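The numbers here are math on the coordinates, done by the rules we state, and not lab data. All values reported here derive from a predicted model rather than from experimental measurement. As a convention, Cβ positions derive from the backbone with ideal geometry for all residues, glycine included, and neighbour counts pool all protein chains shown.
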Ligand SMILES: NC(=O)c1ccc[n+]([C@@H]2O[C@H](COP(=O)([O-])OP(=O)(O)OC[C@H]3O[C@@H](n4cnc5c(N)ncnc54)[C@H](OP(=O)(O)O)[C@@H]3O)[C@@H](O)[C@H]2O)c1
């Protein structure tokens, strides 16, 4: 409950930012199936960094809750475009938090495993010390801090990781395409994390929004895996002849540093349950939506 704002929750619709993105699309679909009134917006409707556009949006819709999925999500691109990453992920999130504070809308903001350094072999619980190792992670942490500044623990911060869906581009769809075309794939086997299907995540985000649950949540698929494990599951599901060979992060250098272990552990009893990511691989390959 948002005590500072001294406002009762409005009966307005849920609002989803980043609605055309991979996750936003799933949130809209899941809400429609549950019969929840929801409105999705993306950059063309309102830029989350534009105060006037966002104010007009809130004045128009009076949302009861906001599921904030919009973000600068290009992890490698952020290394060369620090300003844009911080403007969108940091200041854009602060603006949304301020509007939620003024109107009493409940905020559920999506964040990432990249806020952690990724060096602990057992992974990270919700209140473990953060310490990003790349610009994208720093900018998402700036967003988390801005939200906590404005709304404290009333807001829900939902960290997730390794998202995939039927909507390319994402790792599962890239591997599916490559596995149909090639006999052998070399895939990184020394990074450990939680693959997460957008379908499971969308359901959990809706629960946090509708029940106005605050706090920090780790919303990730189980069990933990390496990228090679995920690729192998895709190949198995497709039933194609393709060998998935283990390789190392050193052999596959990217502009942004990657964590060796970004496993997210769940210790918050209010965190909604998430599913097995292998079910998500099956669903994503059945409903595949090509790019463009
Ligand atoms: N993908 C992952 O593996 C992953 C992992 C952990 C956390 N997350 C987090 O999960 C959330 C959703 O990610 P996703 O994979 O669905 O990302 P996505 O497919 O890249 O979607 C992000 C959406 O945000 C929109 N957007 C960007 N800047 C905007 C702005 N200034 N104003 C309004 N809209 C803007 C984008 O529009 P344009 O296309 O016009 O830019 C896009 O539709 C993000 O918060 C991300 O940080 C993702």
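How are the C-alpha pair distances of region 9-76 spread across 10 Å bins, as whole percents from the shortest bin up?
All Cα pairs, binned at 10 Å, distribute as 20, 53, 23, 3, 0 percent.
Going from the alpha-carbon gyration tensor of region 5-120, what semi-axes, largest first and in whole Å, does one get by taking the root of 5 times each eigenvalue?
Values: eigenvalues 121, 56, 40 Å².
So the equivalent ellipsoid measures 25, 17, 14 Å along its semi-axes.
For residue 148 and residue 286 in one chain, what is 0.36 nm times their gap in residues minus the Cα-Cα distance, to one decimal in nm?
On the way: separation 138, 0.36 × 138 = 49.68 nm, distance 3.92 nm.
Working it through step by step, the gained length comes to 45.8 nm.
Residue 125 versus residue 62, label points 7 Å from Cα toward the beta carbon: distance in nm?
According to this spin-label approximation, the distance is 4.2 nm.
Against the longest alpha carbon principal axis of the chain, how many degrees, from 0 to 90 and to the nearest 10, is the axis of helix 135-151 turned?
Long axis of 135-151 versus the principal axis of the chain: about 30 degrees.
For a protection proxy built on the mean count of beta-carbon atoms within 10 angstrom, sort 122-130, 57-65 highest first, please. Mind showing how you got there, number by number?
On the way: 122-130: 15.1, 57-65: 18.8.
Ranking the peptides 122-130, 57-65 by packing returns 57-65, 122-130.
Could you calculate, for region 98-172, the ratio of the Cα radius of gyration to the Kirkwood radius, expressed as Rg to Rh?
Working: Rg = 14.1 Å, Rh = 13.8 Å.
A ratio of 1.02.
Once every DSSP H run of n ≥ 4 in the chain is given -39500 (n - 2.57) and the sum is divided by its residues, what mean residue ellipticity at 222 nm do you get, rounded to the nearest 500 deg cm²/dmol? Could the numbers behind the result be given before it?
Values: 9 runs with 102 residues, N = 292.
For the chain, the value works out to -10500 deg cm²/dmol.
Once the piece of chain linking residue 252 and residue 276 is laid out straight, how much longer is it, given 0.36 nm per residue of separation minus the C-alpha distance between them? It would help to have the intermediate numbers written out before the result.
Numbers: separation 24, 0.36 × 24 = 8.64 nm, distance 2.76 nm.
Between residue 252 and residue 276, full extension yields an extra 5.9 nm.
Suppose R0 equals 30 Å. What FRET efficiency, 1/(1 + (r/R0)^6) with r the Cβ-Cβ distance, do residue 267 and residue 186 give to the nearest 0.05? List each step's numbers first, then the result.
Details: r = 36 Å, r/R0 = 1.19.
Efficiency computed from Cβ-Cβ geometry: 0.25.
With everything on Cα atoms, drop me the angle between helix 227-238 and the longest principal axis of the chain, reported from 0 to 90° to the nearest 10.
Long axis of 227-238 versus the principal axis of the chain: about 80 degrees.
Taking just the alpha carbons, could you work out the radius of gyration and Dmax for region 164-203, both in angstroms?
Radius of gyration, then largest Cα-Cα span, for region 164-203: 12.1, 36 Å.
For helix 93-103, what angle does its Cα long axis make with the longest principal axis of the chain, in degrees from 0 to 90 and rounded to 10?
30
How much of the DSSP bridge set in region 150-272 is antiparallel, in percent, rounded to the nearest 5?
Details: 2 of 14 bridges.
So the antiparallel bridges in region 150-272 amount to around 15 percent.
How far is it, in nm, from the label point at residue 79 to the one at residue 174 when both lie 7 Å from their Cα along the line to the Cβ?
Reported label-point gap for residue 79 and residue 174 is 1.4 nm.
Can you give me the distance in nm between label points at residue 211 and residue 50, each placed 7 Å from the Cα along the Cα-to-Cβ direction?
In this crude spin-label approximation the distance works out to 3.7 nm.
Please list log₁₀ I(q)/I(0) at q = 0.12 Å⁻¹ for the chain, using the Debye equation with identical point scatterers on the alpha-carbon positions.
The calculated log intensity ratios at q = 0.12 Å⁻¹ are -0.74.
May I ask what percent, to the nearest 5, of DSSP beta bridges between residues of the chain are antiparallel?
On the way: 2 of 34 bridges.
Around 5 percent of the beta bridges assigned by DSSP in the chain are antiparallel ones.
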